[in-house]
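The values are calculated or read from the model by the stated rules, or taken from the named source; none is laboratory data. These numbers come from a predicted model, not from an experiment. Cβ sites come from the backbone with ideal geometry, for glycine too, and all protein chains shown count toward neighbours.
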Amino acid sequence: MSTINQPPAPCGELTLQTIAMPKDTNASGDIFGGWLMSQMDLGSAIMAQRIAKGRVATVAISEMAFLRPVPVGAIVSCYCELVEVGRSSMSINVEVWINIESTNEPAKVTEGQFVFVAIDENGNTRKVDQQLSGSKED
């Protein structure tokens, strides 16, 4: 079956879903990019904690791209996909999607890559128990 007529679809696992609220808007009435970034951090942290089987900390965000504004009331969905696991780190791609209100079509609004490290109860880096075959060592 051809995918030419298929609507776009998110990559990864749905890890977080919320509603964009008026308190999170900029002067133009759209949702702040910083609010979206915090939702992405939360969604990817959920995946990282599951992989690390414990506490994690965000250490880097890269390749962030904002593709379209998010209106108030939009259902914001964060999809995460594990890219790589190192000795103590995990790289996770995050896509944020909404449904366009007028057409109910899905639309990607932002994407980025988040890097986490596993940490112990003292905040020190620790080894990630689950390794992916072929992953690099930190």
Exercise. Out of ALA45, ALA27, ALA65, ALA57, which single residue is surrounded by 15 or more Cβ atoms within 10 Å (Cβ to Cβ) and out of contact with any helix residue (DSSP H, G or I) (no Cβ under 8 Å at 6 or more places or on another chain)?
Worked result: ALA45
Problem set entry | Single residue of the range 20-63 satisfying the filter (aliphatic (A, V, I, L, M) and either part of a strand (DSSP E or B) or in contact with a Pro (Cβ under 8 Å, 6 or more places away or on another chain) (or both)) that is nearest to GLU121 (Cα to Cα) | VAL56
Exercise. When both residues are 6+ apart or on different chains and their Cβ atoms are under 9 Å apart, which pairs have a first residue that lies in the range 83-102 and is more than 15 Å from MET37 (Cβ to Cβ) and surrounded by fewer than 21 Cβ atoms within 10 Å (Cβ to Cβ), and a second that is among the aromatic types (Phe, Trp, Tyr) and modelled with pLDDT of 95 or more?
Worked result: SER91/PHE114; SER91/PHE116
Exercise. Under 7 Å by Cβ, and 6 or more places apart or on different chains, what pairs join a residue from the range 38-58 that is more than 16 Å from GLU81 (Cβ to Cβ) with one that is among the aromatic types (Phe, Trp, Tyr) and at pLDDT 95 or above?
Worked result: VAL56/PHE116; ALA57/PHE116; THR58/PHE114; THR58/PHE116
Problem set entry | Hey, THR18 among the β-branched types (Val, Ile, Thr), within 16 Å of VAL109 (Cα to Cα) and under 14 Å from the mean Cα position of the chain (by Cα) or not | yes
For this session: Would you mind stating whether ALA9 is surrounded by fewer than 14 Cβ atoms within 10 Å (Cβ to Cβ) and either within 28 Å of LYS127 (Cβ to Cβ) or of a type in the set (Gly, Ala, Ser) (or both)?
Result: yes
